[in-house]
Structures are given as structure tokens and as C-alpha cells.
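> Below is one structure. I have some questions about it.
Rule-based calculations on the coordinates, nothing more; no lab input. For clarity, every value in this text was computed on a predicted model and none was experimentally measured. Positions of Cβ are generated from backbone atoms using ideal geometry, with glycine treated the same way; all protein chains shown enter the neighbour counts.
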Amino acid sequence: MFLRLMRPVLCSWKAGGSRWRLACLRGSKTVPAMEKKLLLVDVDAGVDDAAALMIALAAPNVEILGITCCFGNTEVENVCKNVLRVLKKCHHLQIPVYQGASSPLLNTMKNDYFYGTDGLGDVPDAEAPGLDRVQHEHAVAAMIRIISERPNQVTLVATGPLTNLALAVKMDPKFPKKIKNMSIMGGNMYSRGNIDICAEFNFAADPEAAYIVLNEYTCPTFITTWEFACLHAVPWEFYEKCTSQDSEKARFLKEIYAVTTEIQKRPIPKLRALYRKPGFVSCDSIAMAIAVDQNVVTESIFCPVSVELTGSHTRGMLVLDMDDALKKENKVSIAKELDMEKFKSLLLGALK
């Protein structure tokens, strides 16, 4: 269980709460501020990543130290531009953005441009920030530096292909041991795919990178699979409530999601209905919600995992080793049940 892995953090919070209560009883005038969660976010933005970033940017207990960009939903240059657009809309252009991997480690990836060719619904913005605002330091170097400067203090959130993360561990084998914990959006738990027959987009985009990360990263890891997100779709009525708020952020998200929501509102095929509920699906937002508040997940599967690399129909599929046949020391937590009210509250708050 991820909560079990995170117990030292929860205990620390409880201890801090006790000190706070003791200080109040003693009449202390100084109340310690709650320590902020430090995040480093790796994205392939993507409107789904945009929604996830907005959740983190709106959370009062979160500080984003940097955003690293990877190819995925669109070319990496577009990803950088898209992140900058989101930061501008949320008034957080001070957060550094770094450009990273432009292609997979080995293969030529598939792309259905589900979020538009530019990743943000093909909605032009003449006033969008340019690439001149992107940092000169490469994303992988920045990732290693930021984590190394604050060992065991930073949560790494990955909502795109895992190429930057795979390169980081190859450049610095000790890198995973310096990460506090990690939240990944990717893979599948019931062997159903969305870009291939049995593979989810992020893992299928670079299966070798996903394999490296899930086999060489030993930090506490939480995975949000595609099917899990589909089973926890937000009702369309609530989506309309969120995006109809009188705010620039709400209008922005509704505009860039228009292409995608039109597709999501199509009738669901009978067989797919077994793992796809009607409503608004934002996979990356759930992965980010877990990083912001791990209690948003109420039940998890805790087991070793790997990634299939050679199957003709299963390349990129997440493998759950429920019988411990792989004899791996490190295990991950895979989300199984979600506190929908907490998640909806985070989504609503992000667009105020």
C-alpha cells in the first residue's frame, strides 16, 4: 500500500500537529506553517497534463520546483510551449521549464493526436509565451540536479512517456534513491489498451523507458493506470460545473478540451463499457491528485511490476506480478479505488 510506504510522512505530520496543539495550549503566538510538498513534474502536455498542472498550481500546500518536458502528445517543442501557456494562465511563469527527450529510446512511436496536433486542442493563442522562456539546461540534467539538491524531499510526478526518467537513472544510477516518492500515470491493470490492443499510450510510446523505470527505480511508487481513470470518470454535469466557473482558468480549460470532450461524449461500445464509465476522464489529473493528497486513493494493489517488450500484441503492456514470480524486491502501489469527492474538490478548486 502506498499509504504504508508513506507512513513516515504521515507520522511526521501528526507529530507536527501535536507540537502545534501544545504550542496553542501554552499560549504561543507563533503557529508553525504546514510544510509544503515539493514536486518535480515531468509532462508531455497535452490538455490532460494541463489539467493536472492546474490542480498542483492551485494547491496551497504544494510548491512545483520545475517542469520537465518530453515528447508524447505532441512534439517536445510544442510541449514546452503548452506548459508555458498553462503557467501564464495560472500566473506562475516563474516556475522553470526544461526541454527534454524528443523521441523514444528505440522505436518510432504511434500518435493519434487525441488532444489535437499541438496537444492543446489546436486553439491558437497569439499572446502565448515563446520558447525563449525555456531554460537552457536540459530536462534530464535539471531533474538530477533538483532532486539531488533536496534528497528524499521531492515527489516526482510523471504524466507522459518515461524517457526523461529512464535517461536520468542511466546518467545517475543513485538518482532513484534520492526521490521521496513518485506518482506515474501510465500502463494498464486489465491488459486493455488505448493506443494498441493491450498497451496504454504513455508506456507504448517508449516501452523500454517504462521498463527501465519500473525495474530500476526503488523509491515508493504509485501508478494510475488508464483503465483505473476510465472507471472513475467525472460526471458530465460536474465537468460543466467546473468549466462554467467565472474564471480565466475555467474558460481556458473548457476551450482546449473541446476536441477531446467531443470524442469522450460519443456512445461507448458495449464491451468497452466494462471498464469505461460515461463522463469526463482526466488520467493525469488523478495521478497529480495522488501526489497532492495520497488519501484520495482508498484502495490499492501492492505488487511487483514490469513491462512487456517483445509481444506482438502486448508490447508496452504493464505486467502485474500478483504471484511474485519475478522475485523482485521493489513493489509499487496501483490505484484501485478513488475518493471521488476529494478528487472532484481538487478539480473544482483548480479552476476557481
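> Helix by helix, which DSSP H runs in the chain go 24 Å or more along their axis at the Cα atoms and have an average Kyte-Doolittle hydropathy of -0.5 or more?
TM-like helix candidates: 7-25.
> Which of Arg133, Arg85, Arg315 moves the most in a Gaussian network model of the chain with Cα springs under 10 Å?
Arg133
> For every helix of n ≥ 4 consecutive DSSP H residues, a contribution of -39,500 (n - 2.57) applies; sum these over the chain, divide by its total residues, and give [θ] at 222 nm rounded to the nearest 500 deg cm²/dmol.
About -11000 deg cm²/dmol.
> Now for a separate question. With a 10 Å Cβ neighbour count serving as the proxy for reagent exposure, in which order, fewest first, do Tyr115, Tyr239 appear?
Starting with the residue having the fewest Cβ neighbours, the order is Tyr239, Tyr115.
> How much length would be gained if the chain were fully extended between Asp122 and Arg251, taking 0.36 nm per residue of separation minus their Cα-Cα distance, in nm to one decimal?
Value of the extension gain: 44.9 nm.
> Sequence gap at least 6, Cα distance under 8 Å: using those rules, report the relative contact order of the range 33-350 to the nearest whole percent.
20 percent
> Subtracting the Cα-Cα distance from 0.36 nm times the residue separation, let me have the gained length for Lys352 to Ser148 in nm, one decimal.
70.0 nm
> Let me ask you something else. How big is the chain in terms of Cα radius of gyration and Dmax, in angstroms?
19.5, 68
> Once you've got the GNM for the chain with C-alpha springs shorter than 10 Å, pick whichever of Gly279, Gly72, Gly130 has the biggest mean-square fluctuation.
Among Gly279, Gly72, Gly130, the largest mean-square fluctuation in the Gaussian network model of the chain belongs to Gly130.
> Remind me, relative contact order of the range 151-214 in percent, using alpha carbon pairs under 8 angstrom and six or more residues apart?
41 percent
> If you don't mind, there's one more thing I want to ask. Give me Leu57, Leu351, Leu253, Leu131 ranked fewest to most by other Cβ atoms within 10 Å of their Cβ, as a rough exposure proxy.
Ascending number of Cβ neighbours within 10 Å: Leu131, Leu57, Leu351, Leu253.
> Calculated FRET efficiency, Thr108 and Lys241, Cβ-Cβ r, R0 45 Å, to nearest 0.05?
0.65
> Going by C-beta contacts inside 10 Å, put Glu262, Glu248 in order with the fewest on the left.
Fewest-to-most ranking of Glu262, Glu248: Glu262, Glu248.
> While we're looking at this one, here's another question. Over what distance in Å are the Cα centres of the range 297-352 and the range 122-159 separated?
Taking the Cα centre of the range 122-159 as reference, the centre of the range 297-352 is 24 Å away.
> Related question: At 7 Å along the Cα-to-beta-carbon direction for both His138 and Glu337, put a label point, then send me their distance in nm to one decimal.
4.5 nm
> Within the set Lys241/Lys342; Lys36/Lys254; Lys36/Lys352; Lys89/Lys241, which residue pairs have Cα atoms separated by over 26 Å?
Lys36/Lys254
> Taking 0.36 nm per intervening residue step and subtracting the Cα-Cα distance, what contour gain separates Lys327 from Cys303 on full extension?
Between Lys327 and Cys303, full extension yields 7.6 nm more.
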